[in-house]
1. Which of the three applies to segment 223-305, rounded, prolate or oblate, going by the alpha-carbon gyration tensor with a ≥ b ≥ c and a/c under 1.5 meaning rounded?
2. Using a basic spin-label model with each label point 7 Å from the Cα along Cα→Cβ, how many nm lie between residue 271 and residue 157?
3. About its Cα centre, what dipole magnitude does segment 1-136 give when the only charges are +1 on Lys and Arg Cβ and -1 on Asp and Glu Cβ, stated in debye to the nearest 20?
4. Under unit Cβ charges (Lys, Arg +1; Asp, Glu -1), what dipole magnitude, rounded to 20 debye, does the chain have relative to its Cα centre?
5. Considering only the other residues whose Cβ falls under 9 Å of the Cβ of residue 192, what net charge follows from Lys and Arg at +1 and Asp and Glu at -1?
6. Report, in order of residue number, the helices in the chain meeting two criteria: a C-alpha extent of 27 Å or more along the helix axis, and a mean Kyte-Doolittle hydropathy of at least -1.0; treat each whole DSSP H run as one helix.
7. Highest first, please rank the peptides 288-299, 230-241, 254-265 by the mean number of other Cβ atoms sitting within 10 Å of their residues.
8. Of the cross-linked pairs 23/241; 156/241; 70/118; 61/85; 70/294; 61/188, which ones have a Cα-Cα span greater than 32 Å in the structure shown?
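The values are calculated or read from the model by the stated rules, or taken from the named source; none is laboratory data. Owing to the predicted nature of the structure, the values given are computational and were not obtained by experimental measurement. Cβ atoms come from the backbone with ideal geometry, glycine included; neighbour counts cover every protein chain shown. Note: areas computed on protein heavy atoms with side chains; ligands, DNA, RNA excluded. Shrake-Rupley method; radii C 1.70, N 1.55, O 1.52, S 1.80 Å.
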Amino acid sequence: MEATARAHTNIALIKYWGKRDEKLFLPMNSSLSITLDRFYTTTKVAFDSALKADVFFLNGKPAVDAETTKISRFMDKIRAFAGEKRYAYIESQNEVPIAAGLASSASGMAALAAAAVKALGIEVDGRTLSILARQGSGSACRSIYGGFVEWQKGEKADGSDSHAVPLLSEDDWDLSILSCLVESKQKKISSREGMKRTVSTSPFYKAWLETVETDLAAAKSAIAARDFTMLGRVLEANALKMHATTISADPPFLYWQSATLDVMQGVALLRERGIEAYFTIDAGPNVKVLCERKDEETVYNALSAIPSVREVLVCHPGPGIQYGPFPT
Ligand code: 2P0
């Protein structure tokens, strides 16, 4: 009745931005991500008939009420799926800088779904696990698989066709992803709130939807051909387009800070020097820079030299769901 699972976080190259169903976490558009090797969540779930509620420990301490409520709501969905009544002890260890623009919710909800289902002794395929993880946090459905992953938005109202599919494994194309931490304060507008406001008020949201499938097709072609230039151009353009929808929302909001622009300009300077690097930005001020492995050191040195950059964390494509026990 207990199991441990580990999920790695992922970074979107074509963004998930906007929901068509908030309760089921169904997206307006398909998206594409890379699962990262360096950031992950390990979660142990133990069901216990003596419990009157779920008990959640995060990084060795009892979690705050808001976190426990979020986790427990997701556990309710897992219980409904499994026909289970018991509550559970849940222990999560996060190797992700929380709210640093690196989606800890993606690895957290994916690890929880995998551990809970395993603890109940239910055999599920990747598609079913992805659909379940999606109902904890949209981006979590992509963390079921390693390497390059597409989340197909699906068409059905019940979400049974909205799940991730693997495109390339983590061993198939070894790119470098450099995560530039410029600030670690809690972000002011969550991505959940941000995408909601954007969908309902931004006049540019229609244009986002009209072009995102074309971006996705270009990114998939680039990945199939291992064409880094083509992939870089489309991922950077797609990120900027997503942020254009926030700037044009009502009231408008901007995830960037001055340091964000410093990194964006640093990337432009690298390209002027003939080094291919491209950036992407999520719902926070940090910037993730992609380059080929041969350029990793040069790009790392250039980004680290930017005064407003606190730290540069180097990642590579990482694995999908793993099950414990894990060596400590
Ligand atoms: C993404 N983001 O594709 C996009 C790009 C942020 C910007 O997925 O409401 O934590 O739990 O489904 O998955 C972050 O949003 O949102 C995210 P919910 P989630 O990675």
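1. It is oblate, given that a/c is not under 1.5 and a/b is not larger than b/c.
2. Simple spin-label model gives 4.4 nm for this pair.
3. In total the dipole reaches around 300 debye.
4. Computed charge dipole of the chain: roughly 880 debye.
5. After counting each charged neighbour, the total is 0.
6. 205-225, 228-247
7. For the peptides 288-299, 230-241, 254-265, the packing ranking is 230-241, 288-299, 254-265.
8. The answer is 70/294.
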